[in-house]
1. Of all the accessible heavy-atom surface of the stretch 1-62, with the other protein chains kept in place and a 1.4 Å probe, what percent is carbon and sulfur?
2. To the nearest 10 Å², what's K151's accessible area with a 1.4 Å probe?
3. For the full complex of protein chains and a 1.4 angstrom probe, list F4, F12 by accessible area with the highest value first.
4. Mind grabbing the accessible area of W102 for me, 1.4 Å probe, Å², rounded to tens?
5. Give the Kirkwood hydrodynamic radius (Å, one decimal) of the stretch 24-68, defined as one over the mean of 1/r across all pairs of different Cα atoms.
6. So which of K42/K138; K39/K153; K45/K116; K116/K138; K39/K116 end up more than 20 Å apart, counting from Cα to Cα?
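The values are calculated or read from the model by the stated rules, or taken from the named source; none is laboratory data. What you are looking at is a predicted structure, and each value in this text was computed from that prediction instead of being measured. Remember, those area values only see protein heavy atoms, side chains included, never the ligands or the DNA or RNA. Shrake-Rupley method; radii C 1.70, N 1.55, O 1.52, S 1.80 Å.
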Amino acid sequence: MREFELIYREYFALVFSYARRLTGSDQAAEELTADTFFKALKALKRYDGQENLQAWLCTIAKNTWRSHHRKYGRITSLENLPEPHDDADSPAKTLENRDATWRLHELLHEMPEPYKEVFSLRVFGELPFARIGQLFGKTEVWARVTYHRAKQKIYAQMEDYHD
């Protein structure tokens, strides 16, 4: 149990940050982070150490989030909508942005590895390229190239979506 406590202390901020990027809300990120560490605690005996611990925890968070979305869909209350300040924040623009965000998550779900994971770790986990390369046992340059290719795939698919 002491081992898990150390893992929790070391990785809580990273998992919370990743969860915040996935969910877009502090409250949802707190719940997702708690679920992630609960699942990690239950699965710790099966963790073989071959996968980087940070990547393993982020994978648990990502899978938990996806599973929640498959089960419940995206539920947003009206009180969570931003206050309109100008035309860029109008309700129509907000809905359009949500549709684009949802499409982005669909595209990520369909994207092959390692593009999906590299993109997620960079964008949602805010990891530097050197760390991403290290997680995969590759170089920083490999991580940059893989991220760039993932971005190109997403841009191409998003353009097709809007046409």
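1. 51 percent
2. K151 has an accessible surface of roughly 60 Å² with all protein chains in place.
3. Values: F4 25, F12 75 Å².
Ranked list, largest accessible area first: F12, F4.
4. 90 Å²
5. 10.9 Å
6. Working: K42/K138 30 Å; K39/K153 32 Å; K45/K116 27 Å; K116/K138 16 Å; K39/K116 22 Å.
The pairs that break the limit, which is 20 Å between Cα atoms, are K42/K138; K39/K153; K45/K116; K39/K116.
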